[in-house]
Amino acid sequence: MITDRQRTILNAIVEQYAEVASPVGSSLLAKAFKVSSATIRSEMAELERMGYITQPHTSAGRVPTDMGYRYYVNNLTDNPIELPEGRADRALASRVQQAGAPEQMIRNAVDTLVELTRNLGLATIGNQLYISGLGNLFGQPEFINGLHVQQVAKLLDNLEPWLREAAPNEPLSVYIGQENPIGRTAGCSLVISRFRGPYSDRSYIGTLGPTRQSYRDVMNLVSRAGQELEELLLDGRIN
């Protein structure tokens with residue numbers, strides 16, 4: 001059973017690793033939590049034993065595992081925080097509202113997600129999958145390895161038929177690392193929002209990025225993109 005302090009440390013490791021892309025050491029966390037490095041090392045060892053974090057071979061720091069990310073994301077989902085509307089939210093709404101046709105609305109929403117999250121953006125438009133921001137994805141340090149790039153390509157090639165077949169029903173779904181139905185070894189996380197529109201009651205918009213990402217921000221923006229599209233596309237102004 002994870003303790004409150006271990007949960008706080010895990011959250012810090014997830015968030016710090018997303019920011020700096022380097023394994024997180026005990027000394028950094030000790031300063032942040034104002035406790036000894038020995039205390040942090042002991043808690044990190046227990047988190048590693050439980051499978052939430054791991055230690056890369058070349059570093060004394062720790063990084064989250066898929067299990068650690070899943071715990072973090074579930075905690076965000078189970079304890080949602082209503083974030084105030086910020087510049088990113090306003091930019092997203094403005095870009096979507098500026099478009100005329102439904103297809104352009106969806107494309108604008110995807111392109112804005114790409115700019116704001118630095119991930120790859122995607123959406124279903126009818127029976128097609130619109131993708132933007134490949135350069136963002138393959139520019140991440142995780143994808144220097146050619147094998148990872150191949151796995152990402154495999155995932156993208158099969159994503160549209162999988163979405164059509166599986167039809168995820170949650171307003172927001174997060175597939176982390178090996179949870180992805182395809183490309184399980186690609187080291188990616190897929191965040192998608194379902195929305196209703198003129199093409200289908202099960203249209204999707206989302207992002208694909210490395211497992212190391214700012215889940216709180218990305219989940220918030222993807223969710224808001226889906227809500228914004230559904231409101232505009234179904235309010236009677238767009239046919």
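Each value in this text was obtained by applying a stated rule to the coordinates, not by laboratory testing. These numbers were taken from a predicted model, which means no experiment stands behind them. Please note: Cβ atoms are built from the backbone with ideal geometry, for glycine as well, and neighbour counts cover all protein chains shown.
What's the extension gain from Asp111 to Glu46 if we count 0.36 nm per residue and subtract their Cα-Cα distance? Each step should come with its number before you reach the end.
Details: separation 65, 0.36 × 65 = 23.40 nm, distance 4.14 nm.
Once the chain is fully extended between Asp111 and Glu46, it gains 19.3 nm.
Residue-wise, which Karplus ³J(HN,Hα) couplings in Hz belong to region 192-198, taking 6.51 cos²θ - 1.76 cosθ + 1.60, θ = phi - 60°, and x for glycine or proline?
10, 10, 8, 9, 8, x, x
Among Tyr215, Gln128, Pro161, which residue has its Cα furthest toward the positive end of the charge dipole of the chain, with +1 on Lys/Arg Cβ and -1 on Asp/Glu Cβ?
Tyr215
Which trypsin sites (Lys or Arg not before Pro) does region 22-73 hold that lie in a coil by DSSP with at most 10 other beta carbons within 10 Å? Spell out each step's value before the answer.
Values: sites: Lys31, Lys34, Arg41, Arg49, Arg62, Arg70; in loops: Lys34.
Hits after loop and neighbour filter: Lys34.
Suppose the chain between Asp78 and Gln97 were pulled fully straight at 0.36 nm per residue; how much longer would it get relative to their current alpha carbon spacing? Intermediate values should be presented prior to the final figure.
Working: separation 19, 0.36 × 19 = 6.84 nm, distance 3.08 nm.
Full extension from Asp78 to Gln97 adds 3.8 nm.
How large, in Å, is region 73-214 by the Kirkwood hydrodynamic radius built from its alpha-carbon pairs?
Working: mean 1/r = 0.0637 Å⁻¹.
About 15.7 Å for region 73-214.
Give, rounded to the nearest 20 debye, the magnitude of the charge dipole that region 87-234 has about its Cα centre when Lys and Arg contribute +1 at Cβ and Asp and Glu contribute -1 at Cβ. The partial results should precede the final answer.
Working: 14 positive and 15 negative charges, 44 e Å.
It comes to approximately 220 debye.
Could you compute the FRET efficiency for Ala166 and Gln128, with r as their C-beta to C-beta distance and R0 at 22 Å, rounded to 0.05? Intermediate results must be reported in sequence, preceding the final value.
Details: r = 17 Å, r/R0 = 0.79.
Calculated value: 0.80.
Compute the Cα gyration tensor for region 1-46, then decide on rounded, prolate or oblate, letting a ≥ b ≥ c be the square roots of its eigenvalues: rounded whenever a/c is under 1.5, prolate when a/b is larger than b/c in the other cases, and oblate in all that remain.
Working: a/c = 1.80, a/b = 1.25, b/c = 1.44.
Oblate shape, in that a/c is at least 1.5 and b/c is the bigger or equal ratio.
List the equivalent ellipsoid semi-axes of the chain in whole Å, largest first, each obtained as the square root of 5λ for an eigenvalue λ of the Cα gyration tensor. Could you put the intermediate results ahead of the total?
Numbers: eigenvalues 236, 75, 45 Å².
Here the semi-axes work out to 34, 19, 15 Å.
What are the GluC sites (Glu not before Pro) within region 1-94 that DSSP puts in a loop, where the Cβ has at most 12 other Cβ atoms within 10 Å?
On the way: sites: Glu15, Glu19, Glu43, Glu46, Glu48, Glu82, Glu85; in loops: Glu82, Glu85.
Answer by residue number: Glu82, Glu85.
Can you give the extra length, in nm with one decimal, that the chain gains between Ala12 and Asp201 once fully stretched, where that is 0.36 nm per residue apart less the Cα-Cα distance? Numbers along the way, then the final one.
Numbers: separation 189, 0.36 × 189 = 68.04 nm, distance 3.79 nm.
This chain segment gains 64.3 nm when fully extended.
Averaging sequence separations of C-alpha pairs under 8 Å and six or more residues apart, then dividing by the length of region 4-78, give the relative contact order as a whole percent. Before the final figure, lay out each step's value.
Numbers: 82 pairs, mean separation 25.2, N = 75.
So the answer I get is 34 percent.
Calculate the spin-label point distance for Arg5 paired with Asp217, positioning each point 7 Å from the Cα along the beta-carbon direction, and give it in nanometres.
Computed distance between label sites Asp217 and Arg5 equals 3.1 nm.
Treating the angle as unsigned and between 0 and 90°, give the value, to the nearest 10°, between the Cα long axis of helix 215-234 and the longest Cα principal axis of the chain.
Relative to the chain, helix 215-234 is tipped by roughly 10 degrees.
In debye, nearest 20: dipole of region 1-122 around its Cα centre with unit charges on the Cβ of K, R (+) and D, E (-)? Let's see the in-between values first.
Details: 13 positive and 14 negative charges, 72 e Å.
Dipole size: approximately 340 debye.
For the chain, calculate the relative contact order in percent as a whole number, restricting contacts to Cα pairs under 8 Å that are 6 or more residues apart.
Working: 364 pairs, mean separation 41.3, N = 239.
Value for the chain: 17 percent.
Considering amide H positions built from the backbone, and no H for Pro or chain starts, which residues 5 or more places from Ser189, or on another chain, come under 5 Å of its amide H?
Gly177, Gly209, Thr211
If one computes P(r) from the Cα atoms of region 4-78, what percent of pairs lie at distances over 20 Å? Before the final figure, lay out the partial values.
On the way: 562 of 2775 pairs.
When all Cα pairs of region 4-78 are counted, 20 percent exceed 20 Å.
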